[in-house]
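Working notes for the structure below.
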Amino acid sequence: MRTFPLALTAAVALASTVLLTGCGGDSGGSDDDTKNADPANGSACALAGLGVEVGAGAAPAAGDTGTVTVRLTNKGAQCTLKGFPAVDLLAEGSTTKVLPEEGAQAQPLTLGSGATTSFTITYVRGAADPAKSLVVRAASFTLPGAPEEAHELKWSYGPVARPEDGGQAEATVSGFESAGD
């Protein structure tokens, strides 16, 4: 039962890596995203102009891999996304930044009116032990070029695993993906 979600996650990660090309490095929602969004000409997408839908493939047990896909629909004028969504996992008394998938590269994506895109948060479900897991209550995300405008999602997918050293939560975020024709 655990093999299928892990194999599926590996396939999604590989497909994301193949589809996403462009600049490299750590672009986890930092100054690079603001600089790359080119808000001076008004083309950066803002959350106020986007519809947000969430779908999940929740991990059923500790050690399993789950996904939370966020679909964005442009309800306004054409806009552009350059960089990665900045995602934070919010737990009682702490916030943990979710880093981009290893090897993922951001590609600028222009959304016309009515167009959609999505990004995926992939995580490893943790044990019920708060010493070994992050007990997440919500996930918050911002778009490149609009770091002051956050959207919070209720997290009902269980705790997120942490490595033995108690470091970063075992979660990653993909770049923006085009929705099919």
### Summary
Expected unfolding gain across Ala46-Glu152 under the 0.36 nm per residue rule, minus the alpha-carbon gap, is 36.7 nm
### Message
Could you put Lys154, Lys97, Lys82 in order of accessible surface area, largest first, with the 1.4 Å probe and the full protein assembly present?
### Response
Lys154, Lys97, Lys82
### Task
DSSP loop (so not H, G, I, E, B), at most 16 other Cβ within 10 Å: list which GluC sites (Glu not before Pro) in region 70-127 pass both filters.
Glu92, Glu102
### 24 Å Cα-Cα threshold exceeded, pairs from Lys132/Lys154; Lys82/Lys154; Lys97/Lys132
Lys82/Lys154
#### Entry: region 65-181: relative contact order as a whole-number percent, Cα under 8 Å and 6+ apart
35 percent
### Task
Tell me the trypsin sites (Lys or Arg not before Pro) within region 115-144 that lie in a loop according to DSSP and have at most 14 other beta-carbon atoms within 10 Å.
none
### Message
Starting from 0.36 nm per residue, how many nanometres of slack lie between Ala77 and Ala115 once their C-alpha separation is accounted for?
### Response
12.7 nm
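The values are calculated or read from the model by the stated rules, or taken from the named source; none is laboratory data. Predicted model only: the values in this text are computed from it and were never measured. Here Cβ is always computed from backbone atoms with ideal geometry, including for glycine, and neighbour counts include all displayed protein chains. Areas reflect the complete protein model, heavy atoms only, side chains present, ligands, DNA and RNA absent. Shrake-Rupley method; radii C 1.70, N 1.55, O 1.52, S 1.80 Å.
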